[in-house]
Structure formats: C-alpha cells, structure tokens
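Below is a structure I'd like to ask you about.
The values are calculated or read from the model by the stated rules, or taken from the named source; none is laboratory data. None of these values were measured; they are calculated from a predicted model. Here the Cβ positions follow ideal geometry from the backbone for every residue, glycine too, while neighbour counts run over all protein chains shown. Remember, those area values only see protein heavy atoms, side chains included, never the ligands or the DNA or RNA. Shrake-Rupley method; radii C 1.70, N 1.55, O 1.52, S 1.80 Å.
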Amino acid sequence: TPLVRCENAARTYGSGVGAVVAVHGLSCEVPPGARIAVVGPSGSGKSTLLHLMAGLDRPTAGRVSHPGLGDEDAVGLARHIGIVFQGPSLLPPLTAVENVALPMRIDGVAEDEAGSRARAALVSLGLEELAGRLPDELSAGQAQRVAVARVLARRPRLVLADEPTGQLDRETGRQVLSVLLGTADELSAAVLVTTHDPRVARELDVQWYMADGRLIQPATDPGAGRREV
Ligand code: ADP
Ligand code: ADP
C-alpha cells in the first residue's frame, strides 16, 4: 500500500489573471521503503509537491491521500512523516537536544523518554557533543544534522526532505545526505528528497523530474504509460 498517493493533484496560488499554477496533473505514489529524488530547477514545483505530500498544504484540484499511513488528518499524519527543510529550522532558544525532544513532547511522549530518545538519536548520528549547544553555536551542516536527528528520534515511516543540502557546501551537503539516507534505512522509512542538484539526485534509487509544475516519471514498466511529457 503506498504511503502517499497523488491523483491528478494541482495547486494554484491566487486567482484570475494573477493566478500561478505551482503544480498540476500530479499523479504518483510513494511505496514503503522507496528512495526517491525529485529533481528540477528552482520554481518547477518541487516544494509544492513536498508540502502536498506532507499534508502541510492541500491541492486546489485532484487528490492527495495517505492510504499506507491510515489516511489520517494532518495531526495524525505528522506522527508518521518527518520533514527536513532547506534552511535553519531549529528553535533558537532551545539547545540541540531540546530541539530534538520537542516534537516528541508535543506528541505526548513523557519528558524523560523524549529526552533519552533525543540523546540516543544525537549519539547515533555522532552528534552527542553538540547536545547542549544552542542553534547559534552550530555550523549550518551541524544544525542540519540535528534536524535529521529530530526526524530520526520520532521514527516516521516517511521522510520528506526539501533541498536538505541546498545551503551547504559540497562536502557538508554530502555528509548531511549520507546521514539522512542512513537514517531512513535504519527506520526502514521511505525517503523523498527534492533537489536541483543532479549529484544529490544520483544518491537515491529513483529519480523523478519536475519542470513547469509537472512531474515526469521514467516509466518503470514499459506498458504502464506512466510517462508524461
Ligand atoms: P521549487 O521548489 O521547485 O523551487 P516551488 O514549489 O517553490 O518550486 O514553486 C513553484 C511555483 O509556484 C513557482 O512559480 C513559485 O513562484 C510559485 N509559488 C510557490 N509558492 C507560492 C506562494 N506562496 N504564492 C505564490 N506563488 C507561489
Ligand atoms: P538556486 O538559486 O538555483 O536554487 P541555490 O542557491 O540553492 O541555487 O544553490 C547555490 C549553488 O550551490 C548552486 O550552484 C548549486 O549547484 C550549489 N549546490 C547546492 N547544493 C549543493 C550540493 N549538495 N553539493 C554541491 N553544490 C551544491
């Protein structure tokens, strides 16, 4: 059962002559355990696709559903879906370990358990020495790895990462991506990464391409007619 299914989904911003069609005609499925790169230039609709899949945004036409995640509401979905954003996403007044623990506290996990799971996630990513630091005291790459630890600690079944290496230099980007993919493996979670960088895309098993708000999937089955042009 796919974790996410998009059926002819579209997202339009605004209306009338000023309307911007961010994505349209999106039909795709993310199966359990899949490792997918969504590749395309800036403005092609990658973030919009990811937000729709995450339940952070709703399609203005068509349908996005989560059959493999119990088709829950947005709050329920948030427990199964871990999201990594491009830029700084840690809360400035909280230490690294507090940032990692916070979503679990919001989920209702007891303080002690949230703290120990947060520390374990930092340890497993080799970040234990950063546990007590504030986000201001972390490099961009360290902060992004803490954001990955925050996803790991919550044990989602689907990890969505929006240009997770977009603001990092090449070597740091490589480290963050490797930690992200290792984390998804460890959780047996599916992972979908958006990127404009073909080198990043090649690290995943499957590449989907976006251009002008449309998704072009390489046909896996010659008879399936999946390809859109
Ligand atoms: P990408 O992630 O590939 O850079 P986006 O999904 O961010 O692409 O954007 C797709 C299109 O939708 C772009 O033309 C962008 O300008 C437009 N868009 C995105 N968000 C908004 C918004 N909040 N209001 C208006 N237009 C938007
Ligand atoms: P854009 O404005 O086109 O979205 P960005 O500001 O995201 O571009 O990226 C700036 C530059 O950093 C680009 O030249 C891009 O190729 C490079 N870059 C981004 N991510 C990586 C990465 N993981 N490894 C190497 N280069 C990268």
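Quick one: how many residues across the range 2-23 are among the polar types (S, T, N, Q) and in contact with a Lys or Arg (Cβ under 9 Å, 6 or more places away or on another chain)? Explain how you work it out, then say what you get.
Narrowing the range 2-23 to residues among the polar types (S, T, N, Q): 8, 12, 15.
From what's left, in contact with a Lys or Arg (Cβ under 9 Å, 6 or more places away or on another chain): 8.
So the count comes out to 1.
Which condition number does ASP205 fail, the rest of (1) more than 15 Å from ligand 2 (Cβ to nearest atom); (2) within 25 Å of ALA114 (Cα to Cα); (3) in contact with a strand residue (DSSP E or B) (Cβ under 9 Å, 6 or more places away or on another chain) being met?
Only one criterion is unmet by ASP205, namely (2).
So that you can scan it fast, the table gives a plain yes or no per residue for (1) among the aliphatic types (A, V, I, L, M); (2) under 21 Å from the mean Cα position of the chain (by Cα):
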residue: VAL75; (1), (2): yes, yes
residue: PRO88; (1), (2): no, yes
residue: THR95; (1), (2): no, no
residue: VAL100; (1), (2): yes, yes
residue: MET104; (1), (2): yes, yes
residue: GLY108; (1), (2): no, no
residue: GLU111; (1), (2): no, no
residue: SER124; (1), (2): no, yes
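Right, another one. Can you confirm whether HIS80 is open to solvent by 10 Å² or more (accessible area, probe 1.4 Å), at pLDDT 95 or above and not basic (Lys, Arg)?
On the way: open to solvent by 10 Å² or more (accessible area, probe 1.4 Å): yes; at pLDDT 95 or above: no; not basic (Lys, Arg): yes.
So HIS80 fails the test.
Looking only at the range 205-217, count how many residues are over 23 Å from LEU177 (Cα atoms) and in a loop (DSSP other than H, G, I, E, B).
Adding up the residues that qualify gives 2.
Run ASP212 past the list (1) modelled with pLDDT of 90 or more; (2) over 27 Å from LEU94 (Cα atoms); (3) in contact with a Phe, Trp or Tyr (Cβ under 6 Å, 6 or more places away or on another chain) and report the number of the one that doesn't hold.
The single condition ASP212 does not satisfy is (3).
Failed condition for TRP208, given (1) under 22 Å from MET104 (Cα atoms); (2) open to solvent by 10 Å² or more (accessible area, probe 1.4 Å), with all others met?
Among (1) under 22 Å from MET104 (Cα atoms); (2) open to solvent by 10 Å² or more (accessible area, probe 1.4 Å), the lone unmet condition for TRP208 is (1).
Can you give me the ranges of the strands (runs of 3 or more DSSP E) entirely in the range 1-72 with at least 1 residues that are free of Cβ contacts under 8 Å to residues at least 12 places away in the same chain and either within 16 Å of ligand 2 (Cβ to nearest atom) or open to solvent by 70 Å² or more (accessible area, probe 1.4 Å) (or both)?
Working: elements: 4-13, 20-30, 35-39, 61-65.
The strands (runs of 3 or more DSSP E) meeting that bar are 4-13, 20-30.
How many residues does the range 171-200 hold that are in a strand (DSSP E or B) and either under 18 Å from LEU122 (Cα atoms) or within 16 Å of ligand 1 (Cβ to nearest atom) (or both)?
If we filter the range 171-200 for residues that are in a strand (DSSP E or B), which is where we start, we get 190-195.
This time we only want the ones that are either under 18 Å from LEU122 (Cα atoms) or within 16 Å of ligand 1 (Cβ to nearest atom) (or both), so: 192-195.
Adding up the residues that qualify gives 4.
Can THR165 be described as away from ligand 2 (no atom under 16 Å from the Cβ) and in contact with a helix residue (DSSP H, G or I) (Cβ under 7 Å, 6 or more places away or on another chain)?
Numbers: away from ligand 2 (no atom under 16 Å from the Cβ): no; in contact with a helix residue (DSSP H, G or I) (Cβ under 7 Å, 6 or more places away or on another chain): yes.
When the stated conditions are applied, THR165 does not pass them.
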